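Below is one structure, written out as structure tokens; comments come after it.
The values are calculated or read from the model by the stated rules, or taken from the named source; none is laboratory data. Bear in mind the structure is a predicted one, so any value in this text is a computation, not a measurement. Don't worry about glycine lacking a Cβ; one is built from the backbone with ideal geometry, like all the others, and counts go over all protein chains shown. With ligands, DNA and RNA removed, areas are computed over all heavy atoms of the protein, side chains included. Shrake-Rupley method; radii C 1.70, N 1.55, O 1.52, S 1.80 Å.
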Amino acid sequence: MSLDYVRAAPDAVAAWRADGPVTRATFAAHVDAVTHALPAVRWIVNRCANRYHFAVAFLAACRRGATNLLPPGVGAQATQGLLEQYAGAFLVEDALVERALAHAAPSADRVDIADDHVAALVFTSGSTGSPQIHTKPWRALAMSARYCRLRLGERALNVVVTVPPQHMYGLETSIFTLLAGDWALHDGNAFYPDEIIAALRAIPAPRLLITAPYHLRHLLAATTQLPPVDLVLSATAPLDAALAREAESRLGAVVHEIYGCTEAGSMATRRTAHEEIWTPYPGLTFAVTDGATTVRAGHLAGVVPVGDRVELVADGRVRLLGRDADMIKIGGRRGSLSDIAAKIASLPGVTDQAVFMPADGETARPAALVVAPGRHADELRRELGALIDAVFVPRPLRVVDALPRNPLGKLPRETLLKLLEKGAG
């Protein structure tokens, strides 16, 4: 599959940087320059904080025939672990890329990357246990991004992304948007509401905001003065329909939600403000056997297990029922961690929460960490007991000042256990 950097006109904008727009032709020259700056190694650890640098280095590594190692974060500890685990791996940081860009020259190279080239090893965030490794061939990444773009409509868009490119969702949307031909990427890492607003204001319309429910919720709560956005794309966690409707009203946007997983990439979309059912990408089919869900598509390697329960609708669409890991059984009764979390979130004064199982076994009970200023754990437990079966009321339920969410808005299991160890309320 070719890397067609200049699918649009060479003078079309590929990215928006602090010093101005980057054309398609310049983008191609930048990738060429970094390709020549990289050594001939098997593994590249891409630690670039600047999103444009990350994209250029990712593509340059593929051109060199290397595989990008994408840790669950860009912290020194995660990076060092990969460098130790993969002998001979080469670390790429912003300074190296910036030096190479200073010496970039016009390039007309057209380079084909084999469909089966392992473009990346993706490491999950560890939100439900230890991080897992997933092999990502070039074709799988490229086709998932292409189907997503087709679902949103083929038109020129200027893109702000709030999720890190090391994550599968961020990787598909941060890197392969540049290959779409007429999407231009803002190079910043917008995480907090003021950063997102500044990034949106720095690019012209039409705007696409690629984000997560956690970021979107805080953005809408931050201010009433929001730049208009044409499209919003959300993933990484379930998007509440009420939040989607508010985003459409406040931003003037059409809000789409992606259903995907690290194993298979993005698989289906829906317009959450108006529909519950998911529409799979073209040529992608779901199957359910004995309650287990699998997915098959031409760009995937065989049948891929999916850790969610779905209901198949007659027209080929699916209804998402919840994650397998989300279902619990206590004393012979079945429940859902997400349902418990939703009930806690509905209690007065609750601004954030996390519900999880600290141990396995049918006698184990769910635990909860709740941010609810001015509220006490005993009060919350009593109110929750009126909404759900008593066996599912978390014990312990601890009131905390804040939950240290990662850039995706997730809470790795190890972090939750450490918070719980400090004492239950």
Test: residue in the stretch 294-308 that is of a type in the set (Ser, Thr, Tyr), buried (at least 17 other Cβ atoms within 10 Å of the Cβ) and under 17 Å from GLY260 (Cα atoms) = no
Right, ALA55: at pLDDT 95 or above, aliphatic (A, V, I, L, M) and crowded, with 20+ Cβ neighbours inside 10 Å or not?
-> no
Please find, among ALA368, ALA372, ALA402, the residue that is open to solvent by 40 Å² or more (accessible area, probe 1.4 Å) and under 30 Å from ALA190 (Cα atoms).
-> ALA402
Could you run through the stretch 148-195 and say how many residues are touching a residue at least 40 places away in the same chain (Cβ under 8 Å), charged (D, E, K, R) and closer than 27 Å to PRO137 by Cβ?
-> 4
Among the residues listed as ARG110, ARG99, ARG42, the single one being open to solvent by 20 Å² or more (accessible area, probe 1.4 Å) and at pLDDT below 95 = ARG110
Screening LEU178, LEU216, LEU226, LEU220 for residues that are of a type outside the set (Lys, Arg) and farther than 20 Å from GLU246 by Cα leaves only LEU178
Can you confirm whether the stretch 61-70 contains a residue that is among the hydroxyl-bearing types (Ser, Thr, Tyr) and either modelled with pLDDT of 95 or more or open to solvent by 10 Å² or more (accessible area, probe 1.4 Å) (or both)?
-> yes
Does the stretch 187-196 contain at least one residue that is farther than 30 Å from ALA354 by Cβ and modelled with pLDDT of 90 or more?
-> yes
Just checking, which of THR224, THR269, THR279 is farther than 28 Å from PRO21 by Cα, modelled with pLDDT of 95 or more, surrounded by fewer than 21 Cβ atoms within 10 Å (Cβ to Cβ) and hydroxyl-bearing (Ser, Thr, Tyr)?
-> THR279
Among ARG319, ARG334, the single one that is within 26 Å of ILE277 (Cβ to Cβ), surrounded by fewer than 19 Cβ atoms within 10 Å (Cβ to Cβ) and at pLDDT 90 or above is ARG319
In the stretch 144-168, what residues are open to solvent by less than 20 Å² (accessible area, probe 1.4 Å) and under 20 Å from LEU69 (Cα atoms)?
-> SER144, ALA145, VAL163, PRO165, GLN166, MET168
Would you call GLY361 under 25 Å from GLN132 (Cα atoms), open to solvent by less than 40 Å² (accessible area, probe 1.4 Å) and modelled with pLDDT under 90?
-> no
With respect to ALA190, is the statement that it is among the aliphatic types (A, V, I, L, M) and open to solvent by 10 Å² or more (accessible area, probe 1.4 Å) true?
-> no
In the stretch 238-254, residues that are free of Cβ contacts under 8 Å to residues at least 24 places away in the same chain and open to solvent by less than 60 Å² (accessible area, probe 1.4 Å) total 1
Could you count how many residues in the stretch 188-223 are in a helix (DSSP H, G or I) and either more than 8 Å from VAL160 (Cβ to Cβ) or over 18 Å from the mean Cα position of the chain (by Cα) (or both)?
-> 19
Filter result (β-branched (Val, Ile, Thr) and either touching a Leu at 6+ places or on another chain (Cβ under 6 Å) or without any contact (Cβ under 8 Å) to a residue 60 or more places away in the chain (or both)) within the stretch 374-398 | ILE388, VAL393
